[in-house]
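Inspection log for the structure reproduced underneath, given as structure tokens.
The values are calculated or read from the model by the stated rules, or taken from the named source; none is laboratory data. Since the structure is predicted, the reported quantities are computational estimates derived from the model, not experimental observations. Methodologically, a virtual Cβ is constructed for each residue, glycine included, from the backbone with ideal geometry; neighbour enumeration extends over all protein chains shown. These area figures cover heavy atoms from the full protein model, side chains too; ligands, DNA and RNA do not enter into them. Shrake-Rupley method; radii C 1.70, N 1.55, O 1.52, S 1.80 Å.
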Amino acid sequence: MRNLIDDHEDRLVVSKMLKGAVMAHPNLKKLDHINSVVSSPNDRQVILISGGGSGHEPLDLGYVGAGALDAAIVGDIFIPPSAEQIVQTVQYFGNKRPILFIVKNFAADRNNFLKASEVLREQGYVVEILIVDDDRSVDPETKEPRRRGVAGTIFIHKLLGAAADKDYSMAQLLELGKKAIANLSTLGVALSGAEIPNRQLESFQLNSDEIAYGIGIHGEKGYRTEKYQSFERLSRELVNKLYAVSGSESGTSIAILVNGLGTLPLMDQFVFTRSVVNLFELKGLHPELVKTGNYLTSYNMTGISITLFKIEDPNWIKLLNYDTTAFAWQ
């Protein structure tokens, strides 16, 4: 037994989770009859909303609050919210202010937010969509880049949330978001698959001495599996790849997110962080911010990812360090 929830077929499990979350974090509010969480009212020019399937906690509900998102829309486990659920959540805010959706680059997520946007625009809303595609792994069959939206999304939530608090317009937020996303690169590995609800087996199988590269946050199989040798070798390979694909140069300022994907102990994450930061510094990159912890998970997966964020503008660090009540960023 690896979890407390013994019945994944319980249709109320997501609602129960959200109700528990707002009990623990009273600055949040769960909407009636919708699995969405909102923050306290504010006077921003633009409302920021994100969402996706559950099973990735603390994403996205943990990034709702002052200095972060206005709302998170939560679907079933590994399934994005429906277009109807998205529309109903936006209607809670009224149509006096523009809406910016921050969407992870998965086909189902894009389609549902796009459908919702079309409906909302017909109702008089001003709606824009920002797609996060920081994943730098490749498809195991075609070897083409996957460009999924993964842990780099956390930096976008925080960056734009602070900017929105500083009264950025929609045009300014879109420009900032697109520039930031272009400077994000993430790679992940796993020592086990995710637990897919209602299935007895994990999403993919590994021997106890194996590691998979390029896995997905919904339990997707990676592009390569090999015997695990050491965290030093693993960190070298990931850092070298991120350095190469990001186009970084010596002297570049960076932020680093070392993200646990579910069940990897924090001790392991910190040991890995030390190795990763030292390797980036040896390449002449200057970490101005380092975050370590479980920021975006895949239900019961043992794994870790690294996000490299090139800091193109010194103001980005100020925005990342801007105060927030979003509990998952702390």
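Structure values in brief
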read-out	value
Nonlocal Lys pairs with alpha-carbon distance under 23 Å, the stretch 183-302 (8 or more apart, or different chains)	5
Largest-first ordering by accessible area, 1.4 Å probe, given options S275, S230	S230, S275
Solvent-accessible area of I304 with every protein chain in place, 1.4 Å probe, in Å² to the nearest 10	10 Å²
The stretch 94-112 versus the stretch 232-272: alpha-carbon centroid distance in Å	29 Å
Cross-link reach list, lysines versus K96, counting only Cα pairs under 21 Å and skipping chain neighbours closer than eight places	K29, K115, K166
In nm, spacing of pseudo-spin labels at R236 and T142 (7 Å Cα→C-beta vector)	3.4 nm
Relative counts (whole %) of C-alpha pair distances in the chain, using bins that are 10 Å wide	6, 27, 36, 23, 7, 0
Magnitude of the charge dipole, the chain, Cβ model with Lys/Arg +1 and Asp/Glu -1, debye to 20	360 debye
Sequence of K166, K291 from largest to smallest accessible area, 1.4 Å probe	K166, K291
Using distinct alpha-carbon pairs, which all enter the 1/r mean, Kirkwood radius of the stretch 194-283 in Å	14.9 Å
Estimated [θ] at 222 nm from DSSP helical runs (n ≥ 4, -39500 (n - 2.57)) normalised by residues in the chain, nearest 500	-10000 deg cm²/dmol
Selection from N259, G62, L174 lying farthest towards where the dipole of the chain points positive, charges on Cβ	L174
Estimated FRET transfer efficiency when R0 is 22 angstrom, pair V245-R274 (beta carbons, to 0.05)	0.45
Whole-Å distance, taken between Cα centres, linking the stretch 133-150 and the stretch 289-304	19 Å
Rounded Å value of the spacing that divides the Cα centres of the stretch 205-228 and the stretch 39-77	30 Å
Positive-end extreme of charge dipole, the chain - chosen from S36, S15, Q330 (charges on Cβ)	Q330
Cα pair distances of the stretch 164-225 binned at 5 Å [whole percent]	4, 16, 18, 12, 10, 8, 10, 11, 8, 3, 0
Stokes-Einstein diffusion coefficient of the stretch 94-182, Kirkwood radius over Cα pairs, 25 °C, 0.890 mPa s, in µm²/s	174 µm²/s
Dimensionless Rg over Rh [the stretch 27-147; C-alpha; Kirkwood]	0.99
